[in-house]
Structures are given as C-alpha cells and as structure tokens.
1. Write down the Kirkwood hydrodynamic radius of the range 1-135, to one decimal in angstroms, obtained as one divided by the mean of 1/r over all alpha carbon pairs.
2. Please give every one of the aspartates and glutamates within straight-line cross-link reach of residue 330, meaning a C-alpha to C-alpha distance under 20 Å, and leave out same-chain neighbours fewer than 8 residues apart.
3. Where does each of 263, 160 land when they are ranked from fewest to most other beta-carbon atoms within 10 angstrom?
4. What does the convex hull of the Cα atoms of the range 103-174 come to per residue, in Å³, rounded to a whole number?
5. What stretch of the chain, leaving out the sites themselves, is the longest with no trypsin sites (Lys or Arg not before Pro) in a DSSP loop having at most 11 other Cβ atoms within 10 Å?
6. Please give the FRET efficiency for residue 3 paired with residue 72, using the beta carbon to beta carbon distance and R0 = 22 Å, rounded to the nearest 0.05.
7. For the range 59-192, compute Rh as the Kirkwood radius over C-alpha pairs and then the Stokes-Einstein diffusion coefficient at 4 °C and 1.567 mPa s; write the answer in µm²/s, rounded to an integer.
8. If N is the number of residues in the chain, what value comes out of its Cα radius of gyration divided by 2.2 N^0.38 Å?
Amino acid sequence: MPFETHAKLSGKGLLSFLGAQAQGRGRVLAHARLAISPDMQLHAETGGTVDLDDGHLRLGPIVTNVAPIWNHNQAAFSQPLWRSMDKQIGRLPLKAAIAKFWAAAFRPIKVAKSPVAWLVLRPKQLSVSQPSLRNGAVAISLGVGAQAHVAVQEAPPDNVPAPLPLADTHAAPSDAFSFSVPVMLSYEEAARLARATLEKKPLHLSGLTLKFSGLSILPSGQDIVVFTRFCADPDWDPFGWFASCAGVYLRGRPVFESARKTVRIVNLHYDIDSANLMFRAMRTVSGAAFISALQSHLVFPQADRIDRLERQVAALLARPEGREFVVSAKLEAFGDPVFTWTKDGFLAVFAARGKSAVSLNL
C-alpha cells in the first residue's frame, strides 16, 4: 500500500517553543497470519516492511532526511503499527455474529400450510475452518451439526436455544444436509377414504350387493386389523327383507408403494373367529372373492399430499434467510421413505437431502 504522511510535532514544558514538521512517502508491504480460536475469537499475527522513499523532518532551521534511519531500523520502528493492526482485526464481531446465527437456528421454520408443519432444528455441534483467501476476500466456513425433524401442529414448537458451545475446527467444510420429513396418514382418515370408495362403488358378489355401514382400522403389533360391518342384499330383494348382516375382523399388512406414493393394505385375511362366523352365516362372502374385492378399496393415494409438501419445503429452503448470516439451500431429493405404522396411523418418513449455502456478512 503506497502512502503519504504529514505530521506536526511540538514539545512540552520548557521545550514547548520547539516545533517540527515531517512529511514522507513510501510503501507498506504487510502480511497477516489469521487464526480462529475455539471461543470464536479472530487472531492476527501481522508483519512486513515499511519502506520510506522520502522522509524529511524540519526542526526550526534544521532539515534532515530520516528515510535511511527508518529503513535501517524499521523492524523496531514498525512494531506499534503491526500491533495496532492485530488489535483492530481482533475487534471484528465474529463471535457475536455466530452467536446470533446459533440462536436463530433454533427458531422453528414454517414449511407447510395444509397441514401446518414446522422444520425444527436442534443444533448440537459447532465448527469453523481456519481463514482462507477466496476471490480476494478472507473466507471463514462455519459448520453446524444439528438434529432436525418436522412437527405437524398449528403453533410453533418450543425449542429453547442451547448455550453457544466452543467450536471445533474442520479442514474441508461440507455443504450437504439431510433431515427427516414424516408424513402421517391417520387410521381415521384412511377408514374414511375406504368408506367413501365403498359408497361410491358398492361391492357385488354372486348376486349380492354388499352395503357397508362401518369400517375402521386398528393397529395390532405385526399387522393391522380392519373391522367391517355390512349387509348382503340379494339383487332380487328390493326391500332388503332377506338381507344378512355381519360385523367381521380381518387382518392385513400395510405397505408403501414408492412409485405411486400410495399406502396399500395387502395379504388381507379373516382372523379365525371371523372366518368361522362368516362361513356359517354367508358362505358367498366367506371366500377369496370378497377379500380381494374389499382389499381393492384399501388403497390410499398420497402422491398429491407428498408432492405438495416437497414443493413447499423446497421453496422455503431456497429462499435466503438472514442478514448477517444468509442461509439458503437446494432440495435435491426426498428419497424412498422408511414406512411403518404407529398407534395413530401409517407413517412414511422421507429423508430430505440437498446442498446448503451459508454466507457471513460482517
């Protein structure tokens, strides 16, 4: 850095009548070794040379060129300059900015409206890279290791920020992220969908019309139970005088078809008691034809719901968030879900994966 300097000097006390003026031109060539400590304090070790091309000092009638004296002893003379630069670099509000981002990371982010869903991050670890030069600027990479989940509820979940931890150091920062997005289909909703299809397309078997008055789905360990209540009316009996009614329990295994994004109940069969009851009461509907026809209605498409949630999550992540810390991400895949069922319903957990971009603007 080339520079020019102009200075006025005056003495004190008995020497107050003395006055001096100095001016000079030269060049500063400096280098700094930067490092970040675990407490997120930026440290600098600056050194270099300050070469004077011309340095005149006027003291009364005396004029002298001090450039040779300075250049010969600059190692000692320039130390206050380097210490001042190190002090100024150390004052950069790096830790304060990181602390604000750390606290902001705990705030739930609304990712869906119907149903209302929140992305909840629970940061556990913090890491920083040592400073490096990128495109003429000093770059510092920040890494946050967090557990993430999506909560489906109206109000934002409570998520109190944890204290800012000491930072580890990482050599090669990663821009990859992954978190779980659960999609729940309750048993009540699934049963409602099945009843709607049965009302729209009643079952017809061997001259009988089956009218369902009830259908419910219950969890049962390794499978699920489908309870149905229906009446079988002969087609030639318009008044239902000869109808036979029954309530039976069937068992089946839920599966998730990834290609169609559909929940389906397969391997449907009577439990032992219901099989004996149905065989005695209505042999026509005690066989495989009834089970196959009913199973075709136990199909629950979820593609629209899953696709809508994926679009909402992708749009939210792509929108830059923050001022000092600007965070954005690109969702690349939901992936095939891990499928199971709970006491409340069928659960498909998708792994949302992608690349994130974070910048710190001090």
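Since every read-out is calculated from the coordinates, none of them should be taken as a lab result. Just so it is clear, the model here is predicted, and its values are computed rather than measured. Every residue, glycine among them, receives a Cβ derived from its backbone with ideal geometry; neighbour counts consider all protein chains shown.
1. Numbers: mean 1/r = 0.0504 Å⁻¹.
That comes to 19.8 Å for the range 1-135.
2. Partners found: 175, 307, 310, 321.
3. Details: 263 24, 160 5.
Result, fewest neighbours first: 160, 263.
4. Details: hull volume 8.1 nm³, N = 72.
With only Cα atoms used, the range 103-174 gives 113 Å³ per residue.
5. Here the longest run is 92-322.
6. Numbers: r = 19 Å, r/R0 = 0.87.
Efficiency, from the Cβ-Cβ distance: 0.70.
7. 64
8. Details: Rg = 37.8 Å, N = 362, 2.2 N^0.38 = 20.6 Å.
Ratio of Cα Rg to 2.2 N^0.38 Å: 1.83.
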